[in-house]
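**Student:** Please read through the structure below; I'll follow up with questions.
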Amino acid sequence: MRKRIFFIVKQGDKIMREAFTYMLKDNCYYKKALVFMILTFIETACLAYAQMNSCTGACPYSMNSGVFVPNKTNALLFQVIGLIFNFIVVGYFNTCLEAVTKQVNNIVLPFINLWNNFLNGLKYFVAVFIAALVYILSLGLLYALNLYVAKTVSILVLLFYIIFSSAFLWLFANNKSFFAFLNYKKLFLKIKEAPKNYFKYLGFLAILLIISATLKFIIDLIITLLPLNLLFTMLISTFFTSLLSAYFSFVFIYLIAKSLKQDSVV
């Protein structure tokens, strides 16, 4: 029993060590990470600024001691710009996920291609929209039939997508299907190939989520204590969030990519 526990711990340490260091073996990682950080910063800052400009009188932003006058035109403009960059960032994430899935040693990350990554990200959001639409319509029908059944099903579906979210991301990145988030048959067939492997990596992903969320909370807490106005506070917080994302995103990519076997990618 002790030997088995020791083996599991040792194996887990090896996986996490590789997840945190593999990207550093790519000679161009810092260039790729810098571009990714800049794109993430623009995306996050634009969306945050749009949210600030969409506030009403009861919004926490407008109640802040800093002077900030919301502008509805800016809200729409920066929302659109933020979404465009969000498509690129998400598209690049999926491109990297596919690349890492298909490589074993000396993993090389792809360079950012703005147009291709934008199309990839747009396709991702269409796939998510299709799954969400099917879920909403089905849930609406259930609510019309039985309220308690509908609530139970909605909770179960939510838990299902939380547990298998990384597998769905893997499927989309490697198949580029608009119906990837509804392809339950292929999902279970892939997990069935090595279920222990999937849930092991899922555990590592959960740990990483806690670590990254804790770091972001600490950074945001420190920044809010600085004597800065609302806009500068948002920009500084966004900068550090983007800096963390330029590293942790690639760790997430590795853990998701290796959670399922690559040999049956089609």
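**Student:** Sorted by mean Cβ packing within 10 Å, highest first, what order do the peptides 153-165, 225-237 take?
**Tutor:** Final packing ranking: 225-237, 153-165.
**Student:** Using Cα pairs closer than 8 Å and at least 6 residues apart in sequence, work out the relative contact order for the chain, in percent. Mind dumping the intermediate values first?
**Tutor:** Numbers: 276 pairs, mean separation 66.4, N = 266.
In percent, rounded to a whole number, it is 25.
**Student:** Now for a different question. Under a straight-distance cross-link criterion of Cα-Cα below 24 Å, which lysines are reachable from Lys216, leaving out those fewer than 8 residues away in the same chain?
**Tutor:** Here the lysines satisfying the reach criterion relative to Lys216 are Lys31, Lys32.
**Student:** Hey, another quick one. If you add up the charges near Met23, with Lys and Arg at +1 and Asp and Glu at -1, over every other residue whose beta carbon is less than 14 angstrom from its beta carbon, what do you get? List each step's numbers first, then the result.
**Tutor:** Values: positive: Arg17, Lys25, Lys31, Lys32, Lys258; negative: Glu18, Asp26.
That sum, taken over residues with Cβ under 14 Å, equals +3.
**Student:** Ok, one more. Roughly to the nearest percent, how much of the accessible area of the chain is carbon and sulfur, given a 1.4 Å probe?
**Tutor:** 73 percent
**Student:** Further, regarding this structure: When the chain is treated as a GNM, springs tying every alpha-carbon pair under 10 Å, which of Tyr92, Tyr143, Tyr135 comes out with the largest mean-square fluctuation?
**Tutor:** Its mean-square fluctuation being the largest, the pick is Tyr143.
**Student:** How large is the translational diffusion coefficient of region 111-225 in µm² per second when you combine the Kirkwood radius over alpha carbon pairs with Stokes-Einstein at 4 °C and 1.567 mPa s?
**Tutor:** 77 µm²/s
**Student:** Same structure, new question: Which of Cys28, Asn175, Phe118 sits closest to the plus end of the dipole of the chain, meaning its Cα is farthest towards the positive end, when Lys and Arg get +1 and Asp and Glu get -1 on the C-beta?
**Tutor:** About the Cα centre, the residue reaching furthest to the positive side is Asn175.
**Student:** Just the projected area, averaged over all directions, of the convex hull on the alpha carbon atoms of region 138-180: how many nm²?
**Tutor:** 3.3 nm²
**Student:** Can you tell me the accessible area per residue over the chain, all protein chains present, probe 1.4 angstrom, in square angstrom?
**Tutor:** 58 Å²
**Student:** Indicate the helices, whole DSSP H runs only, in the chain that combine a mean Kyte-Doolittle hydropathy of -0.5 or more with a Cα extent along their long axis of 27 angstrom or more.
**Tutor:** 2-21, 29-53, 72-101, 114-145, 195-224, 230-257
**Student:** At what distance in angstrom do the alpha carbon centres of region 216-238 and region 107-147 lie from each other?
**Tutor:** Each part's Cα centre sits 32 Å from the other's.
**Student:** Tell me the label only: which of [x] 128; [y] 188; [z] 178 is volume of the Cα convex hull per residue in Å³ as calculated from this structure?
**Tutor:** For volume of the Cα convex hull per residue in Å³, the calculated option is [z].
The values are calculated or read from the model by the stated rules, or taken from the named source; none is laboratory data. These figures come from a predicted structure and were not determined experimentally. We place every Cβ from the backbone using ideal geometry, glycine too, and count neighbours over all the protein chains shown. Please note that ligands, DNA and RNA were not included when accessible areas were found on the heavy atoms of the full protein model with its side chains. Shrake-Rupley method; radii C 1.70, N 1.55, O 1.52, S 1.80 Å.
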